[in-house]
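The values are calculated or read from the model by the stated rules, or taken from the named source; none is laboratory data. Fair warning: this is a prediction, and the values are worked out from it, not measured in the lab. Because the Cβ atoms are built from the backbone with ideal geometry, glycine has one as well, and the counts that use them run over all protein chains shown. Remember, those area values only see protein heavy atoms, side chains included, never the ligands or the DNA or RNA. Shrake-Rupley method; radii C 1.70, N 1.55, O 1.52, S 1.80 Å.
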Number of protein chains: 2
Amino acid sequence: MLYIGNMKPLSHPKMEDVTVEGILYAFSNPIRIRIYAELASAECTQICSAYRDITGAKLPKSTLSQHFAILRETGLILSERKGTELHNKTRCAELKKRFGPMIESIIGAYIEQNARNKKSAKKKKRI
Amino acid sequence: MLYIGNMKPLSHPKMEDVTVEGILYAFSNPIRIRIYAELASAECTQICSAYRDITGAKLPKSTLSQHFAILRETGLILSERKGTELHNKTRCAELKKRFGPMIESIIGAYIEQNARNKKSAKKKKRI
DNA sequence: TTTGGTAGTTCGTAATAACAGAACTTAAGA
DNA sequence: TCTTAAGTTCTGTTATTACGAACTACCAAA
């Protein structure tokens, strides 16, 4: 394998090696599931740094970098370096082919949960 | 709260406090997702010790106890002590009401993955 | 072609969580 | 009452995670 400099090349697993447990583990982290959900709803590739403020507070970039690496190595996203930027998109078509409605139903439930929480937070505020 | 002896009482979260991330975390462990899948397919409550050999090797009972506690405290299963035994069943109806098809699609994908792996193991053996 | 800045990665380490053996609780039966 | 069985809790060890600091890679302006 060709290495340019000291950085590891980006590696993506073959879809046949992607596991249900791996995906669930990746999604069990609130930052990662959120990144995936937003990536899935985006129309074009997104760069890593676009998610620095995803939690409200500023995330350390080393942490963000690790989360993207986990999403990538789990098989959920495809990353490509363009200049200094890391461009990302989900592997949704392949994932759907392999895991059926699983991922969509997870993200659907996640989005619904957030909507519910927002509502109840508003309610609390009003009191 | 009434304590009988020194053991903590079994506590189950309200379904409204159960989270998507929590469920995914619980399922990200191969032993736990397997326990849940088997519990879901069982027709009656199952005792904890029924899963001692679930991995092929004998599991330490402290480990098994912890896994059941996590499934319970995540909101996935309902446990009840009967004598010295712990009887368990899934909270599938409530879960479905709250999370829609999510859990069924996860367990479906998990079962399919196992079937696929079994097949390819057989294939390997034949060679 | 140097200099400076930006985007992201890797390394080191401190905090955190998981695992499993040992000791314990509880209950049931001889 | 003694013993055994089923789980739980405690505890030390091991493995993971998170984040700051140092680093690489690339680009653009001087």
Looking at A:K118, is it surrounded by fewer than 19 Cβ atoms within 10 Å (Cβ to Cβ), of a type in the set (K, R) and closer than 27 Å to A:E16 by Cα?
-> no
Boolean, B:F68 is aromatic (F, W, Y), under 20 Å from A:T19 (Cβ atoms) and at pLDDT 95 or above = no
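Give region B:5-25 a look and list any residue that's open to solvent by less than 40 Å² (accessible area, probe 1.4 Å) and away from DNA strand D (no atom under 14 Å from the Cβ), or say none. Explain how you work it out, then say what you get.
Taking region B:5-25 first, the residues open to solvent by less than 40 Å² (accessible area, probe 1.4 Å) are B:13, B:15, B:18, B:20-24.
Result: B:P13, B:M15, B:V18, B:V20, B:G22, B:I23.
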Residue list for region B:26-60, filter: buried (at least 18 other Cβ atoms within 10 Å of the Cβ), charged (D, E, K, R) and within 14 Å of DNA strand D (Cβ to nearest atom) | B:R32
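Would you mind finding the one in A:L39, A:L10 that is away from chain B (no Cβ under 14 Å), closer than 13 Å to A:F68 by Cβ and modelled with pLDDT of 95 or more? Outline the logic, then answer.
Working: A:L10 fails: modelled with pLDDT of 95 or more.
Residue meeting the stated conditions: A:L39.
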Candidates B:I70, B:I107, filtered to the one that is within 13 Å of chain A (Cβ to nearest Cβ), open to solvent by less than 80 Å² (accessible area, probe 1.4 Å) and either in contact (Cβ under 8 Å) with a residue 60 or more places away in the chain or on the phi > 0 side of the Ramachandran plot (or both) = B:I107
Would you say A:T45 is away from chain B (no Cβ under 14 Å) and among the β-branched types (V, I, T)?
-> yes
